[in-house]
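Worksheet: the structure to be examined is printed underneath.
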Amino acid sequence: MTNDKKKNFFSWLKSKIKSNKTIEKIQYNTEIEQKKDDFFVKNNNLVNNSNKIKKELCDNKDNIDCHTIIKSNFFLKLKNTLIKTKKIFSDQISSIFLSKKIDNFLFEELEEKMLLADIGIDTTNYIIKSLIDEISHKNVCDSEKVYNLLKKKMKSILYRVELPLNINNNIPFIILVVGVNGTGKTTTVIKLAQKYKLQKKSVMLAAADTFRAAGIEQLQKLGELHDIPVISHQSGSDPSAVTFDAVKSAISKKTDVLIIDTAGRLHNKVHLMEELKKIVRVIKKISASAPHEIMLVIDACNGQNTIKQTEIFNQALKITGIVITKLDGTAKGGIIFALAHQFSIPIRYIGIGEKSTDLDVFNSQDFVQAIFDSKIE
């Protein structure tokens, strides 16, 4: 590639990305948040059928490949429920490379689509600049090859945060679950507890969300439903006291995993963040190495707001893992790339529905393949 062409590739970076026109265009294009189409409805029936098959096979004690069946089922549903995010990546971004030559206009259009997918300015700049560097270095002129390089580049961002949680090194393994209001923390806590029970682990829950009587009652009922003990105090009590009792109980009973459910809190409320710090201090007084995981639950529907949330929670607590929920209900699934790029915090699990089987270990290859609806060559 000539030096003139290379200069042209980089010239677009010198302009202001967030011009008023670009913002207006992105806002206008919020039609991407339309209802799921007939394709999803049809394929959802397939998912439901595969759920029945999965249960039958897993109930058969002679079948030793149950985990593979569950993983395959999750990937199938992942593809079918990321329909809104996939419309941007698989449909709109891929069409850019199929119909355009490699020039400034292509990268400007790619930038717009990536911002629309909530990848964010910093991460979008990083991806496009590194893509330009690579095609310049390798002298790539074929648009299809550039498209494949883009998918590989995006997969590499997520691969760096693909680190499953290992709960085998400590007994009890203590997980503190935090996040803002409405992200699905309590639901995530129950899903995690069910997963660990399936792994033959003993599990205990702590209802440290003492602000809401309904929150305590919800966790108690779910615990009772799934035969999981729940340590709780009355509404309005000190969440640190609940935590203290739960940790002591988990140690005395030699429980494998203790999951502490905390109240949702706005990340910009200092006194609420200080309360979480107090909970951590109480845990450390009993077990110096604990909590072994401080897990932040993120709602994908919140888009770029999750960046600030993650920043504040990480500064206060040193987050060790992230769970991203509600990916099935948003076109903002691209936020996962911004979180991975800006914080490098392991993404432990992703959620794509209400059932316990709708939360699974994050896999970068599966995710990128699902949103682009094609294999990474």
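The values are calculated or read from the model by the stated rules, or taken from the named source; none is laboratory data. This structure is a prediction, so every number in the text was calculated from the model and none was measured. Because the Cβ atoms are built from the backbone with ideal geometry, glycine has one as well, and the counts that use them run over all protein chains shown.
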List the residue pairs whose Cβ atoms are under 8 Å apart, where the first residue sits in region 152-163 and is closer than 14 Å to Ile128 by Cβ, the second is among the charged types (D, E, K, R), and the two are 6 or more positions apart or on different chains. Lys153/Glu134
Matching entry among Asn170, Asn181 (being modelled with pLDDT under 95, surrounded by fewer than 21 Cβ atoms within 10 Å (Cβ to Cβ), within 24 Å of Val297 (Cα to Cα) and touching a His at 6+ places or on another chain (Cβ under 9 Å)): Asn170
Name the single residue that is farthest from Leu82 (Cα to Cα) among those in region 255-310 being free of Cβ contacts under 8 Å to residues at least 24 places away in the same chain and part of a loop (DSSP other than H, G, I, E, B). Ala288
Counted residues, region 313-346 - those being in contact with a strand residue (DSSP E or B) (Cβ under 8 Å, 6 or more places away or on another chain), assigned to a loop (DSSP other than H, G, I, E, B) and modelled with pLDDT of 95 or more: 5
Can you name the residue in region 110-149 that is surrounded by fewer than 17 Cβ atoms within 10 Å (Cβ to Cβ) and among the acidic types (Asp, Glu) and, of all such residues, is nearest to the chain's Cα centre (by Cα)? Asp122
Which condition number in (1) of a type outside the set (Gly, Ala, Ser); (2) within 23 Å of the chain's Cα centre (by Cα); (3) not assigned by TED's automatic domain parsing to the domain that holds Ile260 is the one that Phe97 fails? (2)
Residue satisfying condition, being out of contact with any Pro (no Cβ under 9 Å at 6 or more places or on another chain) and in the same structural domain as Ala208 (by TED's automatic domain parsing), within set Ile322, Ile307, Ile279, Ile283: Ile307
With respect to the numbered conditions (1) modelled with pLDDT of 90 or more; (2) touching a Leu at 6+ places or on another chain (Cβ under 8 Å), which one is the sole condition not fulfilled by Phe97? (1)
Could you look through region 281-331, keep only residues that are of a type in the set (Gly, Ala, Ser) and more than 11 Å from the chain's Cα centre (by Cα), and pick out the one that is farthest from Lys355 (Cα to Cα)? Ala288
For region 122-145, give me the residue count where each residue is modelled with pLDDT under 90 and either charged (D, E, K, R) or in the same structural domain as His341 (by TED's automatic domain parsing) (or both). 4
